[in-house]
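Working notes, beginning with the structure itself.
Throughout, read-outs are computed from the coordinates displayed, never taken from laboratory work. What you see is a predicted model; the values in this text were computed from it and never measured. Backbone-built Cβ (ideal geometry, glycine too); neighbour counts: all protein chains shown.
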Amino acid sequence: MINPTASWKTTPLTPVFGAIVEDVSLADVARTDGFFRLRALFEEHSALLFRGQDITDEDHLALARRFGTIEDRLADERTSDDAYKVPKVSNVRADGKLTAADDLHTLHLKANFLWHADSTFLPVPALTNILIGRVVTKSGGATELASTRAAWAAMPESLKARVRGRGIRHRYSHSRAQISPELAKLPMFHKWPDQHWKSVWTNPVNGKEALYIASHAFAVDGYDAAESAALLRELMEFCTQPDFTYSHSWQAGDVLIWDQRAVLHRGTPWPEDQPRTLSSLCVSASDADGLGTMHIMPQ
Ligand SMILES: [Fe+2]
């Protein structure tokens with residue numbers, strides 16, 4: 001039998017994490033056993049970049065479904081007549097005009113410029129984000145990744161000891177409040193109760209540990225608010241040093257897939273008069289991904 005993945009070529013994205021995978025059609029991978037090779041690379045490298053992909057929304061959805069259940073944060077807001085659409089990270093409105101610099105949608109996009117993992121504030125957080133470049137700008141608009149697996153492995157024991165074995169609380173409005181108090185008041189940021197996750201996520205396939213933090217994190221067990229904020233800032237600064245990060249400048253057809261359990265990400269600004277659209281599908285984590293081990297058991 002022909003091995004559909006035999007021609008794949010992988011090269012490192014950075015010295016410490018990530019891989020560029022070439023000679024792959026993700027539209028095919030979504031519907032063949034090639035997915036198992038992709039999944040193994042995902043577990044090993046934490047971030048995968050594929051360039052020049054001809055991938056439709058249907059292909060995107062098919063690929064995401066191979067990872068698990070596609071996250072649908074707006075399920076409770078859609079009426080039965082509304083069709084599910086692949087979410088877009090975009091400054092283009094439905095009428096084709098660009099969003100204004102000071103409107104709440106733009107502020108919401110700006111909150112993505114804070115380092116985060118997606119959906120740590122949801123009862124079921126995200127396993128992965130599959131992000132596709134659709135309309136890209138000539139300058140700016142990079143998506144940056146930071147490996148909390150590589151950072152945790154390199155972190156001084158004195159800093160690790162301050163957070164190891166403790167729970168961390170996450171709240172959606174906390175990240176929005178860092179951008180605008182008005183934005184943080186919107187009902188969409190108060191739909192879910194605070195979540196409480198262990199500070200380290202151990203990959204169930206290879207046993208590798210990664211610090212699990214985000215811009216949504218606001219409290220560490222055993223510390224008061226000021227101590228928590230200072231510790232979270234110190235951890236975030238450590239993890240996002242250049243040694244552990246990668247900055248991706250988009251071309252149309254690029255596909256970036258990363259492991260939310262082991263990688264932080266953030267957007268970066270682009271010229272406000274230029275349209276820019278990425279398609280984004282998050283897939284929820286499951287117990288097979290280690291989610292069951294992340295809950296804090298009542299004492
Ligand atoms: Fe995000």
Select from Ala142, Ala154, Ala111 the residue whose mean-square fluctuation is largest in a Gaussian network model of the chain (Cα-Cα springs shorter than 10 Å).
-> Ala154
Given charges at beta-carbon only (K, R positive; D, E negative), |dipole| of segment 98-231 in Debye | 280
Calculate, axis by axis, the spread of Cα positions in segment 106-202 along the three principal axes, and write the results as whole Å, longest axis first.
-> 41, 34, 22
Normalising by the residue count of segment 133-227, find the relative contact order in percent from Cα pairs under 8 Å and 6+ residues apart.
-> 35
Any chance you could count the Lys pairs in the chain whose alpha carbons are under 22 Å apart, treating pairs 8 or more apart or on different chains as valid?
-> 14
Pop out the ³J(HN,Hα) list for segment 90-105 in order, Karplus 6.51 cos²θ - 1.76 cosθ + 1.60 with θ = phi - 60°, rounded to Hz; leave Gly and Pro as x.
-> 7, 9, 9, 7, 4, 7, x, 7, 8, 5, 6, 4, 9, 7, 5, 5
Scan around Ala126 for amide H atoms under 5 Å from its own, H built in the peptide plane at 1.01 Å from N, and keep only partners 5 or more places away or cross-chain.
-> Thr120, Ala285
How big is segment 9-293 by the Kirkwood estimate over distinct Cα pairs, in Å?
-> 19.4
Among DSSP beta bridges lying fully in segment 9-293, give the percent that are antiparallel, nearest 5.
-> 95
Contour minus Cα-Cα span, Lys138 to Val92, at 0.36 nm per residue, comes to 14.9 nm
Which of Gly165, Gly140, Gly96 fluctuates most in a GNM of the chain (C-alpha springs under 10 Å)? That residue is Gly96
Note down the relative contact order for segment 9-293 as a percent, whole number, built from C-alpha pairs under 8 angstrom at least six residues apart.
-> 34
